[in-house]
Amino acid sequence: MKNATTSATAWNTKPLFAVFIFLFLLAGRASAQTFDSLAAEESIRLQLERYPASTLQDIYKSFFQDAFGPGHLIDNPIQARLYMEEESLKSHESLCELYEKAGAGDNYYRVSLSLVASGAVKSEQLSDALCRSATMTQSPSAAEWQSTWQKIERITAKYKHLLQGYENDLHKIDQAINSGNFMMRHSAAYNRNYHPHYRIIHRTIFETEILPLIPKPASEQQ
């Protein structure tokens, strides 16, 4: 009888253990999705400092890229590499940084195609990095992305006097999110002023494989 009681007690603890594991995993997921408002605001401030012609649409695009990565660009890896090589020929006109974090920099960097044009990074290397980057982060759900953008949006309100067409962009972005079509292009003003030519590379790949290939400025060389 004692063994039967012990067995029954052990069996009864299994559902409780399962619930504990579920709550533990759920807590870990919530922790991983914690929104860093300070990092987000610093990213917005830095973008407006570097690219004062940015609109809210451009800020949205930056945070979108960090959350979703470059998956929409990798339908055909060979074509993606050929297009990269072709676009790199125009990269001399770009006024963007050689590399910079997308959004708050949790996941992805923007890497200028001028690095391919200069020969610092081979097109095959960057193309391979791009393809691998597309699978390295799980995209947020529609509800998660909407919640995240609402938090970012509240921060951008502090800077709306610096963002031309703010209210119009606000409405356009809300419509896009509600329709489930989250992706947006750079604004005409951003393209006209800065001529962006870059690719989105995952942070771990960029920092370990691409960054060491980029020549340091003369001021940093020993």
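The table below gives the values:
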read-out: Restraint check, K122/K172; K122/K151; K172/K216; K90/K216, Cα-Cα greater than 32 Å; value: K122/K172; K122/K151; K172/K216
read-out: Inverse of mean 1/r across different Cα pairs in the range 88-215, Kirkwood, Å; value: 16.4 Å
read-out: Point-charge dipole on Cβ atoms (K/R +1, D/E -1) for the range 29-162, about Cα centre, debye to 20; value: 320 debye
read-out: Cut-off under 5 Å, modelled amide H: who pairs with Y198 long-range; value: L113
read-out: Karplus 3J(HN,Hα) series, Hz, for the range 51-63 with 6.51 cos²θ - 1.76 cosθ + 1.60 (x for Gly, Pro); value: 10, x, 7, 4, 10, 4, 4, 6, 5, 4, 4, 4, 6
read-out: E100 long-range amide H proximity, modeled H, under 5 Å; value: R110
read-out: Paramagnetic reach from A120 in the range 65-106 [backbone N under 11 Å; point 7 Å along Cα→Cβ]; value: 97-100
read-out: For the range 134-196, the Rg and Dmax computed from alpha carbons only, in angstrom; value: 13.4, 37
read-out: Cα shape, the range 37-98, gyration tensor, a/c 1.5 rule; value: oblate
read-out: Under Karplus coefficients 6.51, -1.76 and 1.60, residue-wise ³J(HN,Hα) of the range 104-120 in Hz, glycine/proline x; value: 8, x, 6, 10, 10, 10, 8, 10, 5, 6, 5, 5, 6, 4, 7, x, 5
read-out: Cα centroid separation, the range 133-167 to the range 42-57 (Å); value: 13 Å
read-out: Solvent-accessible heavy-atom area per residue, rounded to whole Å², over the range 72-177 at 1.4 Å; value: 55 Å²
read-out: Volume per residue that the Cα convex hull of the range 40-140 spans, once the total is divided by residue count, Å³; value: 104 Å³
read-out: Tail beyond 20 Å, pair distance distribution of the range 164-222 (Cα, percent); value: 57 percent
read-out: Chain lengthening between Q79 and K160 when straightened (0.36 nm per residue, less Cα-Cα); value: 25.3 nm
read-out: Apportionment of accessible area to carbon and sulfur, the range 82-155, percent (1.4 Å); value: 48 percent
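The values are calculated or read from the model by the stated rules, or taken from the named source; none is laboratory data. This one's a predicted model, so the numbers in the text were calculated from it and none came from an experiment. Neighbour counts run over all protein chains shown; Cβ positions are idealised from the backbone, glycine included. Heads up: the accessible areas ignore ligands, DNA and RNA and are worked out on the full protein's heavy atoms, side chains in. Shrake-Rupley method; radii C 1.70, N 1.55, O 1.52, S 1.80 Å.
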